[in-house]
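Since the structure comes first, as structure tokens, the remarks are kept for the end.
The values are calculated or read from the model by the stated rules, or taken from the named source; none is laboratory data. Remember, predicted model here, so these are calculated numbers, not experimental data. Cβ placement follows ideal geometry from the backbone for every residue including glycine, while neighbour counts extend to all protein chains displayed. Surface areas here come from the heavy atoms of the whole protein model, side chains and all, with no ligands, DNA or RNA. Shrake-Rupley method; radii C 1.70, N 1.55, O 1.52, S 1.80 Å.
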Amino acid sequence: MTSKSKVFHKNEPPIPFTFDFYLVYWEDIQSDSGWRDLKDIQASKPAICVSTGWLVKHDKKVHILMSDYNYDERGNMADGGNTTVIPTKNVIRKYEIEGL
């Protein structure tokens, strides 16, 4: 996490917080409630997922991404949305996207 505030256009409020933006590859459960051949079932693998957002928390248990936020009437950051909580043990790799 770095200290920054980013302005893209003079008529837009700045990005008001100091979290870095990431693209995260992670592994998730794959399930199927239908009938399948046993060999197909045995060949099943976990899903590889990709999520993006500001990394608002990361520790040995979780990585939490927030992809959206809004402003209050004073132009201050109010709420975050579109959050993804990934168990850290499921994170395969993460890449910081610079400039956001």
(request) Just give me a number: lysine pairs in the chain, eight or more positions apart or cross-chain, with C-alpha atoms less than 26 Å apart. (result) 15
(message) So with the 1.4 Å probe, I'd like the accessible area per residue for the chain, rounded to whole Å².
(response) 75 Å²
(message) Counting only chymotrypsin sites (Phe, Trp or Tyr not before Pro) that sit in a DSSP loop (anything but H, G, I, E, B) with at most 12 other Cβ atoms within 10 Å, what is the longest stretch of the chain containing none of them?
(response) 36-100
(request) Sort 48, 64, 29 by accessible area with a 1.4 Å probe, largest first. (result) 29, 48, 64
(request) Place a label point 7 angstrom from the Cα of residue 90 along the Cα-to-Cβ direction, then list the residues of region 41-64 whose backbone nitrogen is under 19 Å away. (result) 44-64
(message) Please list log₁₀ I(q)/I(0) at q = 0.13, 0.22 Å⁻¹ for the chain, using the Debye equation with identical point scatterers on the alpha-carbon positions.
(response) -0.58, -1.14
(request) Quick one: order 45, 89, 94 from most to least accessible surface, probe 1.4 Å. (result) 89, 45, 94
(request) Give a residue-ordered list of calculated ³J(HN,Hα) values for region 63-68 (Karplus: 6.51 cos²θ - 1.76 cosθ + 1.60, θ = phi - 60°; whole Hz; x for Gly, Pro). (result) 10, 10, 9, 10, 9, 9
(message) Under 10 Å, Cα contacts only: if you run a Gaussian network model on the chain, which one of 75, 53, 34 comes out with the highest mean-square fluctuation?
(response) 34
(request) Calculate, in nm to one decimal, what residue 72 and residue 56 gain on full extension: separation in residues at 0.36 nm each, minus their alpha carbon distance. (result) 3.8 nm
(request) Would you pull out the residues with amide H under 5 Å of residue 57's amide H, same chain only if 5 or more places away, H placed 1.01 Å from N? (result) 64
